[in-house]
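Structure first, then comments.
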Amino acid sequence: QVQVVESGRGLVQPGGSLRLSCEVSGNISSIGTMGWYRQAPGKQRELVAEVTSGGTPTYIDSMKGRFTISRDNAKNTVYLQINSLRPDDTAVYYCFAITTRYVWGQGTQVTVSS
């Protein structure tokens with residue numbers, strides 16, 4: 001069984017920063033691409049960023065500049081650094097990893113508010 005556990009949820013003031021972490025564990029032989037989606041209230045889930053097993057990142061255009069994705073293959077962990085947070089970044093952030101299939105975390109709440 002594969003587990004995907006996110007951490008780093010929180011309430012952050014506008015302009016602040018936050019780092020989300022996501023660790024994959026369990027019966028896995030290899031992990032391919034890992035990444036993050038987010039879902040804001042009343043909106044569809046959208047891709048934020050993903051990174052290949054070789055470390056090549058891809059960002060959605062609207063996420064470029066403030067979001068940085070990285071991974072530590074030795075720890076089976078992917079990170080998402082978010083800077084200059086805005087209220088419209090408020091969402092549940094979901095981690096995913098591709099093993100033999102997509103596996104998902106339970107989601108972690110990020111709230112940006114003063």
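Summarise the accessible area of the chain (1.4 Å probe, protein heavy atoms) by the percent that is carbon and sulfur. Walk me through the intermediate numbers first.
Details: 2730 of 6130 Å².
Carbon and sulfur atoms account for 44 percent of the accessible area of the chain.
How far apart, in nanometres, would the label points at A40 and Y102 be if each is projected 7 angstrom from Cα along the Cα-to-Cβ direction?
Distance between label points: 2.1 nm.
Nearest 0.05, what FRET efficiency do T56 and R19 give at R0 = 30 Å with Cβ-Cβ as r? Don't jump to the answer; show the numbers that get you there.
Numbers: r = 20 Å, r/R0 = 0.67.
Efficiency, from the Cβ-Cβ distance: 0.90.
For the chain, what is the accessible area per residue in Å² when the probe is 1.4 Å?
For the chain, the per-residue accessible area is 54 Å².
Grab the beta carbon distance between N27 and Q81, set R0 = 22 Å, and tell me the FRET efficiency rounded to 0.05. Could you put the intermediate results ahead of the total?
Numbers: r = 29 Å, r/R0 = 1.33.
With R0 = 22 Å, the Cβ-Cβ based efficiency is 0.15.
The values are calculated or read from the model by the stated rules, or taken from the named source; none is laboratory data. None of these values were measured; they are calculated from a predicted model. When we count neighbours, we look across all protein chains shown, and the Cβ atoms used for this are built from the backbone with ideal geometry, even at glycine. These accessible areas exclude ligands, DNA and RNA; they are computed on the full protein's heavy atoms, side chains included. Shrake-Rupley method; radii C 1.70, N 1.55, O 1.52, S 1.80 Å.
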